[in-house]
1. Can you tell me which residue within segment 157-171, out of those that are at pLDDT 85 or above and closer than 14 Å to MET30 by Cβ, is surrounded by the fewest Cβ atoms within 10 Å (Cβ to Cβ)?
2. Does segment 131-147 hold any residues that are open to solvent by 60 Å² or more (accessible area, probe 1.4 Å) and out of contact with any helix residue (DSSP H, G or I) (no Cβ under 8 Å at 6 or more places or on another chain), and which are they?
3. In contact (Cβ under 8 Å) with a residue 24 or more places away in the chain and either surrounded by fewer than 16 Cβ atoms within 10 Å (Cβ to Cβ) or over 30 Å from TYR147 (Cα atoms) (or both): is that true of SER128 in this structure?
4. Give me the pairs: first residue in segment 74-97 and part of a strand (DSSP E or B), second residue modelled with pLDDT of 95 or more and open to solvent by 10 Å² or more (accessible area, probe 1.4 Å), beta-carbon distance under 9 Å, and six or more apart or on different chains, which are they?
5. Restricted to segment 98-120, and to residues that are in a helix (DSSP H, G or I) and over 23 Å from GLN60 (Cβ atoms), which residue is farthest from the chain's Cα centre (by Cα)?
6. Name the residue that is modelled with the highest pLDDT, counting only residues in segment 105-116 that are surrounded by 12 or more Cβ atoms within 10 Å (Cβ to Cβ) and over 12 Å from LYS82 (Cα atoms).
Amino acid sequence: MNISNTQNITNTQSIMDKIDLGPTDSIQLMFAKLQLAQAQMCKSQAEAYINKIQNNQKEQKECSEMISQARALQNKAKKENKPVEMPQDMIDYFKKHGLTFDTSGNDNSHSKDEWDINIKSLTNFQDSLGTTTQTDMVFLQDFLGQYNSFLQGANAAIKQSNETLQLLARG
């Protein structure tokens, strides 16, 4: 058994310890607790993916703004027919994300063609963010499906336990 499975069991047990369905001498209620614990774990995983997706979307927006700014600078270089300086915030953005940008001439001034390289780097980064977001959404949907399944299992077990108790009470 690997470490993540061991941690999963510990997390499941700690969650189950917090779930109170009354006396759990019944197998149905013990199963319901397990199902509810699994649902809670899926919910936590789904929340983590939601946060990751929101952060990626925020980063995509910032990248889109950088692309717009780079295109405006490229148009300026084209119109003036001379290199245009890359702003420091854009340089910092490229460096922060490990993106390549034109460094010919060992300066931060770029011609229209050099801006093509910079814009391509930004659009590739934006595309990778989009791909990551789509993949994360697939995982999110999976965890939500599992969450719903576990809740249905718990509800069915509780219902079955209640029906058993009613039958016993009637004699």
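1. GLN160
2. Filtering segment 131-147 for residues open to solvent by 60 Å² or more (accessible area, probe 1.4 Å) gives 131, 134-135, 137-139, 141-142, 144, 146-147.
Across segment 131-147, the qualifying residues are THR131, GLN134, THR135, VAL138, GLN141, ASP142.
3. No: the conditions fail for SER128.
4. Matching pairs, first to second residue: VAL84/LEU73; VAL84/GLN74; VAL84/LYS76; GLU85/LEU73.
5. Top of the filtered list is GLY105.
6. Out of the qualifying residues, it is ASP116.
The values are calculated or read from the model by the stated rules, or taken from the named source; none is laboratory data. Model, not experiment: these values are computed from the prediction. Cβ atoms come from the backbone with ideal geometry, glycine included; neighbour counts cover every protein chain shown. Surface areas here come from the heavy atoms of the whole protein model, side chains and all, with no ligands, DNA or RNA. Shrake-Rupley method; radii C 1.70, N 1.55, O 1.52, S 1.80 Å.
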